[in-house]
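I have placed the structure first, in the form of structure tokens, so that the comments after it can refer back to it.
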């Protein structure tokens, strides 16, 4: 099973740029707020704090620069919990390489939206559970190519299309709130969850335990937390208490 019943997994983010673990504001290069050496050690620290899954994003890859496969491999060798990974997966061959390398679930963004058949092909080969599609929303519209290009569709519509192509889950990022630590609007989350049958993971703007509480009633199966846990706004161990749904 992709996500346990009656759980909303709290998933720490390890974003990689220039060989380091960073946190950006709204994904914009040059806005690094947190810079930590050795991403594999950072991932291990979250496992030690009882994270049941780690969210790894290759920011260099997402921006069309070098890929960080070697660092991802090091993370896989260091932790024993599953890794879900996205960022710069722009070819079927690279997606297969990551899955064969041991990444539990890959997150496909631009490629999935531009060519949904690739989602179907990978789901047929590896199982839907291992294929997540990323729907990043800015001004209510789905954006691609590292959040630099806007499409003509909203997340619920795009989600239904990709679900029909075999996607096993959706990572929904509200770019308008990403990295700002100012909370978020819950309505787009509810719209997406009600539009699809597959699990939805939420990301963007999580700044307090109250935000996690707000998400408990939306039906999301996971929440990615980044800046808030690195800056100490959220105590990760306390956050884990929100994994169990009432």
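The values are calculated or read from the model by the stated rules, or taken from the named source; none is laboratory data. Owing to the predicted nature of the structure, the values given are computational and were not obtained by experimental measurement. Don't worry about glycine lacking a Cβ; one is built from the backbone with ideal geometry, like all the others, and counts go over all protein chains shown.
The helices (runs of 4 or more DSSP H) found entirely in segment 104-220 that carry 3 or more residues being touching a helix residue (DSSP H, G or I) at 6+ places or on another chain (Cβ under 7 Å) and over 30 Å from residue 235 (Cβ atoms) are 110-114, 117-126, 155-164. Would you point out the residue of segment 222-242, among those that are in a loop (DSSP other than H, G, I, E, B) and in contact with a helix residue (DSSP H, G or I) (Cβ under 9 Å, 6 or more places away or on another chain), that is surrounded by the most Cβ atoms within 10 Å (Cβ to Cβ)? Here the residue is 234.
Conditions (1) buried (at least 17 other Cβ atoms within 10 Å of the Cβ); (2) modelled with pLDDT of 80 or more; (3) in contact with a helix residue (DSSP H, G or I) (Cβ under 9 Å, 6 or more places away or on another chain), marked per residue:
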{"position": "1", "(1), (2), (3)": "no, no, yes"}
{"position": "5", "(1), (2), (3)": "no, yes, no"}
{"position": "13", "(1), (2), (3)": "yes, yes, yes"}
{"position": "23", "(1), (2), (3)": "yes, no, yes"}
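Answer yes or no: is there a residue in segment 190-199 that is in contact with a strand residue (DSSP E or B) (Cβ under 9 Å, 6 or more places away or on another chain), surrounded by 15 or more Cβ atoms within 10 Å (Cβ to Cβ) and on the phi > 0 side of the Ramachandran plot.
Taking every residue of segment 190-199 in turn, none turns out to be in contact with a strand residue (DSSP E or B) (Cβ under 9 Å, 6 or more places away or on another chain), surrounded by 15 or more Cβ atoms within 10 Å (Cβ to Cβ) and on the phi > 0 side of the Ramachandran plot.
The listed residues are 51, 43, and the only one of them that is part of a loop (DSSP other than H, G, I, E, B), modelled with pLDDT of 90 or more and surrounded by 21 or more Cβ atoms within 10 Å (Cβ to Cβ) turns out to be 51. Can you tell me which residues in segment 147-178 are over 22 Å from residue 104 (Cα atoms) and within 16 Å of the chain's Cα centre (by Cα)? Passing the criteria: 147, 155, 174, 175, 176, 177, 178. Which numbered condition in (1) surrounded by fewer than 19 Cβ atoms within 10 Å (Cβ to Cβ); (2) over 22 Å from residue 51 (Cβ atoms); (3) in contact (Cβ under 8 Å) with a residue 12 or more places away in the chain is the only one that residue 185 fails? Here residue 185 meets the rest and fails (3). Among the residues of segment 103-142, those that are surrounded by fewer than 15 Cβ atoms within 10 Å (Cβ to Cβ) and over 23 Å from residue 64 (Cβ atoms) comprise 124, 125, 127, 140. Residue 35 meets all of the listed conditions (1) at pLDDT below 90; (2) buried (at least 16 other Cβ atoms within 10 Å of the Cβ); (3) within 25 Å of residue 211 (Cβ to Cβ); (4) more than 16 Å from the chain's Cα centre (by Cα) but one, namely (2).
Annotation: residue 236 fulfils all but one of (1) at pLDDT below 95; (2) under 16 Å from residue 13 (Cβ atoms); the unmet one is (1). For segment 77-102, the set of residues classified as assigned to a helix (DSSP H, G or I) and either crowded, with 21+ Cβ neighbours inside 10 Å or touching a residue at least 40 places away in the same chain (Cβ under 8 Å) (or both) consists of 95, 98, listed by residue number.
Among the residues of segment 54-76, the ones that are in contact with a strand residue (DSSP E or B) (Cβ under 9 Å, 6 or more places away or on another chain) and part of a helix (DSSP H, G or I) come to 9 in all.
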